[in-house]
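Here's the structure we're looking at; comments come further down.
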Amino acid sequence: MLLKNKKICNLCGSISFRLYKRVKSLYSDDWYDLIRCRVCGLVCVSNEISHKDLIDQYRDNENTVFYFKEKEETDKIIFCYLIKEVLQYLKFEPGMRLLDIGCGIGTFLKTAKSKGFHVTGLEPNVQSVTYAKETYGLNIIQGHLQEATFTPESFDLITIIQTLEHVPDPLGALKRSNKILKKKGMIFIEVPNLSNIYCLSNRFLNTRDRSHTFDPTAHLYYFTSMTLKKIVQSAGFSPISIYSGFNQSMLQIFFNRRALSNIFLKNILFVPYRILCRLSNFLKIGMSIRIIAIKE
């Protein structure tokens, strides 16, 4: 079905869309249309959300702190792997300035700080900011990127982890990030993968979306490896690494949840799991897409 409406593609500026999928809200009986740009392939929610409604939605949500605390221990493991991945490409020096956009209660910032980064966070939710400051003593600014007044070229590394899909203007957010990043600075982005195995099964076989990627009241944009790469390049970055396979930290999380410490068993499972991760990356069916890029 060809759709023409007032919505403009955030990536290429086209006004020509096809219906991608109708999805039900995770929190109500409302249905939403996901539409796909016929030119560049970017998928988004057709229903517009006002800037004020978006700010109110994230600023005052009292469940946000509980949500992040529930998964804090798992996040710590994942974030250690993410930092390790970034450091493979970043010529790190102690005191490098890091900005985490959409930092929640600061779990990633705490991890990065322990590795020697000078960290700053940006988070719209008031309760999360208060918790992070009082619990971890972190430097976190309450608000959205378009409202923040950062000095141009003031950060060495910017991280946007599971946040870009929530933003009404992702290209604008990336261009703003480019301005406050130092020359040859690095950006790390992670978003849900529209091509993950559950989404594909849900779309073509009508099975349950166990990944909860289709969340139209919160996820305004849906990326594949191709569209994420395109939008990063359009914002003035040069990608140096893209990964869309299974999460390499999941094996460690599996052992931790079951209180298993058998090194022999870990070593036995490690090799086939690494092979599975590489295969899933080749097929681009992992739960998330991670991209590392350099400011041009």
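The residues listed here are 89, 67; of these, the one that is farther than 20 Å from residue 189 by Cβ and hydroxyl-bearing (Ser, Thr, Tyr) is 67.
Only one of these conditions is not met by residue 165: (1) in a loop (DSSP other than H, G, I, E, B); (2) buried (at least 18 other Cβ atoms within 10 Å of the Cβ). Which number is it? Unmet condition: (1). Once the stretch 154-181 is narrowed to residues that are free of Cβ contacts under 8 Å to residues at least 60 places away in the same chain and among the charged types (D, E, K, R), the residue that is nearest to residue 96 (Cα to Cα) is 179.
Answer yes or no: is there a residue in the stretch 95-111 that is under 27 Å from residue 182 (Cβ atoms), over 21 Å from the mean Cα position of the chain (by Cα) and modelled with pLDDT of 95 or more. Within the stretch 95-111, one or more residues are under 27 Å from residue 182 (Cβ atoms), over 21 Å from the mean Cα position of the chain (by Cα) and modelled with pLDDT of 95 or more. Filter the stretch 73-94 down to the residues that are of a type in the set (Asp, Glu) and over 20 Å from residue 290 (Cβ atoms), then identify the one that is modelled with the highest pLDDT. Only one residue fits best here, namely 93. Residues being touching a Phe, Trp or Tyr at 6+ places or on another chain (Cβ under 7 Å), touching a residue at least 12 places away in the same chain (Cβ under 8 Å) and among the small types (Gly, Ala, Ser) are entirely absent from the stretch 78-99.
For residue 151, state whether it is β-branched (Val, Ile, Thr), surrounded by fewer than 23 Cβ atoms within 10 Å (Cβ to Cβ), more than 12 Å from residue 103 (Cα to Cα) and under 17 Å from the mean Cα position of the chain (by Cα).
Answer is no for this residue.
Remark: pairs (first residue in the stretch 210-233, over 25 Å from residue 27 (Cβ atoms); second residue at pLDDT 95 or above and part of a helix (DSSP H, G or I); Cβ separation under 9 Å; 6+ apart in sequence or on different chains) = 228/164; 231/164; 231/170; 231/171; 231/174; 232/174. Criterion applied to 180, 160 was being β-branched (Val, Ile, Thr), touching a Ser or Thr at 6+ places or on another chain (Cβ under 6 Å) and under 21 Å from residue 238 (Cα atoms), and the one residue passing it is 180. Taking the stretch 119-137 as the range and being surrounded by fewer than 21 Cβ atoms within 10 Å (Cβ to Cβ), touching a strand residue (DSSP E or B) at 6+ places or on another chain (Cβ under 9 Å) and over 24 Å from residue 172 (Cβ atoms) as the test, the residues that pass are 130, 133. Select from the stretch 41-65 the residues that are at pLDDT below 80 and outside any helix (DSSP H, G or I) and write down the one among them that is surrounded by the most Cβ atoms within 10 Å (Cβ to Cβ). Ranking the qualifying residues of the stretch 41-65, first place goes to 61. Among the residues of the stretch 268-296, the ones that are surrounded by 13 or more Cβ atoms within 10 Å (Cβ to Cβ), β-branched (Val, Ile, Thr) and within 19 Å of residue 196 (Cα to Cα) come to 3 in all.
For (1) polar (S, T, N, Q); (2) farther than 23 Å from residue 84 by Cα; (3) in contact with a helix residue (DSSP H, G or I) (Cβ under 9 Å, 6 or more places away or on another chain); (4) modelled with pLDDT under 95, each residue gets a yes or a no:
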{"residue": "144", "(1), (2), (3), (4)": "no, yes, yes, yes"}
{"residue": "150", "(1), (2), (3), (4)": "no, yes, yes, no"}
{"residue": "165", "(1), (2), (3), (4)": "no, yes, no, no"}
{"residue": "168", "(1), (2), (3), (4)": "no, yes, yes, yes"}
{"residue": "177", "(1), (2), (3), (4)": "yes, no, yes, no"}
{"residue": "187", "(1), (2), (3), (4)": "no, no, yes, no"}
{"residue": "207", "(1), (2), (3), (4)": "yes, yes, yes, yes"}
{"residue": "210", "(1), (2), (3), (4)": "no, yes, yes, yes"}
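Could you tell me whether residue 188 is of a type in the set (A, V, I, L, M, F, W, C) and within 14 Å of the chain's Cα centre (by Cα)? Yes: the conditions hold for residue 188. Of the residues making up the stretch 66-82, just one is crowded, with 19+ Cβ neighbours inside 10 Å and farther than 19 Å from residue 114 by Cα, namely 68.
The values are calculated or read from the model by the stated rules, or taken from the named source; none is laboratory data. Computed from a prediction, not measured in an experiment: that's the story for all the values here. Cβ: placed from backbone, ideal geometry, glycine included. Neighbour counts: every protein chain shown.
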